[in-house]
Each structure stands twice: as structure tokens, then as C-alpha cells.
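*Asks:* Before I ask anything, here is the structure I am working with.
The values are calculated or read from the model by the stated rules, or taken from the named source; none is laboratory data. As the structure is a prediction and not an experimental result, all values here were calculated from the model. With ideal geometry, Cβ positions are generated from the backbone for all residues, glycine too; neighbour counts draw on all protein chains shown.
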């Protein structure tokens, strides 16, 4: 079970060709504060995240949101990965942060447990 909660470089969606195909023929849905764009793939689970510079002018704010999103994904990807393995398929995911204000980390993770709240009380 070592390494089950990691997010390796090979798990990131970076290929320009794959991203163009994802945006042109992928499907999407909204789960506030994210818009999820996805497309079935041959194998593997590839992921990336984006934050609009229109909504967040400062790069430090965009980077923080991306970092928190990657952390939330890293902690919660295991059930999805297991399901995809059982189905014998893969998935490409692109998460776009659509809210106009920063959210607390425990809201981003979708987990209201006390330990997440205690670790990030000072975030606005």
C-alpha cells in the first residue's frame, strides 16, 4: 500500500494534443466550485487543474487554489482509480475552478471533518 496517496508526474495530463482533444470532444459537468471536463481514455487516470486569471489576478492566489485542488484530488483519487482498473479503462480529467472567491481547504476537499477545519482556519 506504499505510495497509494501520491500524485506522480506521470499521472498529470500535460500533453497539448490530449488537452486539445479533451476540450474539443470531452464531456463536462459542474460540481461547485469546479467544472469537470472528462474523456474516457485507453488506460490510466490523468489529471490537471486550471484557475482563471480573470477571476484571480494574483498568481499566488491561482497557485494556492491549484495546490489545494491537487491535494484534494491526491487524497480522494484511490476509489476512482480502483473502479477504472476494474472496468479496464482510463480517464482524462481537467478541473476548472469556477468560483470567484477562495474557498477553505475543507470545502475544496468536500470533507467537513474537524481535522481539515483545524489545519486551515486562517484561510479566507
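*Asks:* Condition check: surrounded by fewer than 16 Cβ atoms within 10 Å (Cβ to Cβ) and under 13 Å from the mean Cα position of the chain (by Cα). Does residue 87 satisfy that? It would help to see each step written out before you state the result.
*Replies:* Values: surrounded by fewer than 16 Cβ atoms within 10 Å (Cβ to Cβ): yes; under 13 Å from the mean Cα position of the chain (by Cα): no.
In short, no.
*Asks:* Taking residue 73 and the conditions (1) surrounded by 16 or more Cβ atoms within 10 Å (Cβ to Cβ); (2) closer than 19 Å to residue 85 by Cα; (3) more than 12 Å from the chain's Cα centre (by Cα), which numbered condition does it fall short on, given that it satisfies the others?
*Replies:* Just one mismatch for residue 73, condition (3).
*Asks:* Output the number of residues of segment 31-47 satisfying the condition of being exposed (fewer than 14 other Cβ atoms within 10 Å of the Cβ), at pLDDT 90 or above and closer than 16 Å to residue 82 by Cβ.
*Replies:* Final tally of qualifying residues: 0.
*Asks:* Could you check, for segment 40-50, whether at least one of its residues is farther than 22 Å from residue 103 by Cα and within 11 Å of the chain's Cα centre (by Cα)?
*Replies:* Let us first name the residues in segment 40-50 that are farther than 22 Å from residue 103 by Cα, namely 40-46.
The next check asks that each one be within 11 Å of the chain's Cα centre (by Cα); those that pass are 46.
Yes, segment 40-50 contains at least one residue that is farther than 22 Å from residue 103 by Cα and within 11 Å of the chain's Cα centre (by Cα).
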